[in-house]
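The values are calculated or read from the model by the stated rules, or taken from the named source; none is laboratory data. Note that the structure is predicted; figures quoted are calculated from it, not measured. For neighbour counting, all protein chains shown are included, and Cβ atoms are generated from backbone atoms with ideal geometry for every residue, glycine included. Side chains included, ligands, DNA and RNA excluded: accessible areas come from the protein's heavy atoms. Shrake-Rupley method; radii C 1.70, N 1.55, O 1.52, S 1.80 Å.
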Amino acid sequence: MDPTIVEFIGEKCMISIIPNFSNEPLHLIYGSVGPFRAGFPVFVPLWLAAHLRKQQKCRIVPPEWMEMETLEEIKEEEKRSKFFTKMPSEHYMVVAQLVMSTAPDDVPRCEELRTIIKDIFDIRESKLRTSIDAFIKGEGTYAKLDNLTLLEMHSVRPILPYSLDHIARYQRMATASQRDTSMMNTTGGGTGTGSMSNSFFTQ
Amino acid sequence: MATDSRELQDLALKHKSSCFYLSTMNYFPNYYSIEDIFVTQEKVECKVNTRLQRMGFLDAGAETEDLEPGRTINLPLWYIKELKVNNAYFTIALPDIYKNVHKAVCEAETTHIELGRLHPFFYEFGCYLTPYDRNHVIGRIIFETLRQRVRHLLDISKNDADSKPDHRLDNIEAKLHDAGVRTNTLYINWLQMSGNNIRISELVEEHQKKRKRADRSDDEGGGGAGGSGDMDMPTGKKPSW
């Protein structure tokens, strides 16, 4: 999975546009959009919005979370919280990236917004790396990461699953050898092997 | 460690890393992997326990035809690992690196050890030696070392993509590092909207290459038809819907 695929998935998000033309509804494979009436806002998928905007056929209405105050709040909340906070959109990075690159004029204070969204992403990414570290060094057997968006997951793939594979392999190796030899030593006694092999985990 | 074969190893590894399967899949030791062959090629110090008749040729310094008990010889790992752990003939002496590292793991920052300099296949070599270690130290060392170093790997692959710390990383780590750098470049390219062309997915591309190769060796008459037409996407711009 690379960012272009994440973008492709994110392009299915609905966004409001104000078309400057009138047209019948468009019947697409997954549903119909429209009808378009000049001057009236209508919800369309992001890819269609970007396409129409490139042809100067509409104006994109930025989503309500895409403004300074809301994002400042989110950023503060993200800094304060130990966990990942819920993002206003599942694909906030993709939406921001697409809207701001195709229609910078439709978004007030575009550059500042760009910076703050990047900031939020960076905070979340470093948080992700810290918690991965805590997870690997800790004793936990699973981790729960709510509210993580696709692009953030992408940032640690495939290096994280690969490393976990190796770590698990070496751990198995270590415990297996311990069990083998301890069984060999206690062939007469027979008991106690269970606790011996377990000691590696509960040191 | 065998420094003379290092060049050969490098060459082979470079060739391998250009290979599709290794760049996109996780390494796992298997019979055909060149890394595994290199690891098992390493020499291990063994003490001879019993008199082995007519095996004197194994020891370069031996005067007799037989191998006398008490001598130390270097045997390749692939030979040793086929014997039982507590066989009557040899006792394996563990390499020093795993003893020194143990201290380092416990006392110092793991991220400062130059693993690649210690041994280019630190983890895999240790893995093979684990059963021979009566104190169960090696298994724990390699496990703990990688566990401690993953964060460091994540960080360096994110931050300094161009300066590759060659001698600091073991073979496994270098692969992980490459994977991390690759992810990061993809992300940066996406952010700058520079990689926006639609490209064939790597899987399909590799498949086509194989097919072309097969076609060429087969017969140039009938084979060429499949290779063109709808496959010419890589240079095409993202279609403006």
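When B:70, B:61 are checked against the criterion of being at pLDDT below 80 and either of a type outside the set (S, T, N, Q) or under 30 Å from the mean Cα position of the chain (by Cα) (or both), a single residue qualifies: B:61.
Picking from residues in region A:102-111 that are free of Cβ contacts under 8 Å to residues at least 40 places away in the same chain and open to solvent by 50 Å² or more (accessible area, probe 1.4 Å), the one that is farthest from the chain's Cα centre (by Cα) is A:105.
All conditions but one from (1) over 14 Å from residue A:148 (Cβ atoms); (2) within 14 Å of chain B (Cβ to nearest Cβ); (3) touching a residue at least 24 places away in the same chain (Cβ under 8 Å) apply to residue A:43; the one that does not is (2). Residues being open to solvent by 40 Å² or more (accessible area, probe 1.4 Å), out of contact with any helix residue (DSSP H, G or I) (no Cβ under 7 Å at 6 or more places or on another chain) and without any contact (Cβ under 8 Å) to a residue 60 or more places away in the chain: count how many of those fall in region A:116-147. Count: 11.
Could you tell me which of the residues B:187, B:132 is modelled with pLDDT of 65 or more and either hydrophobic (A, V, I, L, M, F, W, C) or under 30 Å from residue B:100 (Cβ atoms) (or both)? Outline the logic, then answer.
On the way: B:187 fails: either hydrophobic (A, V, I, L, M, F, W, C) or under 30 Å from residue B:100 (Cβ atoms) (or both).
So the residue among B:187, B:132 that is modelled with pLDDT of 65 or more and either hydrophobic (A, V, I, L, M, F, W, C) or under 30 Å from residue B:100 (Cβ atoms) (or both) is B:132.
For residue A:79, are the conditions met, namely being surrounded by fewer than 16 Cβ atoms within 10 Å (Cβ to Cβ), touching a helix residue (DSSP H, G or I) at 6+ places or on another chain (Cβ under 8 Å) and in a helix (DSSP H, G or I)? Steps first, answer last, please.
On the way: surrounded by fewer than 16 Cβ atoms within 10 Å (Cβ to Cβ): yes; touching a helix residue (DSSP H, G or I) at 6+ places or on another chain (Cβ under 8 Å): yes; in a helix (DSSP H, G or I): yes.
Yes; evaluated as a whole, the condition is true for this residue.
The set of residues in region A:65-82 that are without any contact (Cβ under 8 Å) to a residue 12 or more places away in the chain and not small (Gly, Ala, Ser) comprises A:69, A:73, A:76, A:77, A:80, A:82.
In region A:20-64, what residues are among the β-branched types (Val, Ile, Thr) and open to solvent by less than 70 Å² (accessible area, probe 1.4 Å)? Walk me through how you get there before you give the answer.
Filtering region A:20-64 for residues among the β-branched types (Val, Ile, Thr) gives A:29, A:33, A:42, A:44, A:60-61.
Result: A:33, A:42, A:44, A:60, A:61.
Looking only at region B:57-67, count how many residues are open to solvent by less than 60 Å² (accessible area, probe 1.4 Å) and under 20 Å from residue B:92 (Cβ atoms).
To start, the set of residues in region B:57-67 that are open to solvent by less than 60 Å² (accessible area, probe 1.4 Å) comprises B:58-59, B:61-62, B:66-67.
Narrowing the set further to residues that are under 20 Å from residue B:92 (Cβ atoms) leaves B:58-59, B:61-62, B:67.
The total comes to 5.
When you scan region B:140-152, do you find a residue that is modelled with pLDDT of 80 or more, among the hydroxyl-bearing types (Ser, Thr, Tyr) and either open to solvent by 50 Å² or more (accessible area, probe 1.4 Å) or touching a His at 6+ places or on another chain (Cβ under 8 Å) (or both), even just one?
Taking region B:140-152 and keeping what is modelled with pLDDT of 80 or more, we get B:140-152.
Narrowing further to those that are among the hydroxyl-bearing types (Ser, Thr, Tyr): B:145.
Those left that are additionally either open to solvent by 50 Å² or more (accessible area, probe 1.4 Å) or touching a His at 6+ places or on another chain (Cβ under 8 Å) (or both): none.
No, the conditions are met nowhere in region B:140-152.
Note on region A:8-19: residues that are in a loop (DSSP other than H, G, I, E, B) and open to solvent by 50 Å² or more (accessible area, probe 1.4 Å) total 1.
Which one is nearest to the other protein chains (Cβ to nearest Cβ), of the residues in region A:27-40 that are among the small types (Gly, Ala, Ser) and part of a loop (DSSP other than H, G, I, E, B)?
In the first step, residues of region A:27-40 are kept if they are among the small types (Gly, Ala, Ser); the result is A:31-32, A:34, A:38-39.
Still in the running and part of a loop (DSSP other than H, G, I, E, B): A:34, A:38-39.
Values: A:34: 15, A:38: 21, A:39: 23 Å.
Out of the qualifying residues, it is A:34.
Out of curiosity, is residue A:157 part of a loop (DSSP other than H, G, I, E, B), touching a helix residue (DSSP H, G or I) at 6+ places or on another chain (Cβ under 7 Å) and within 7 Å of another protein chain (Cβ to nearest Cβ)? Answer is yes for this residue.
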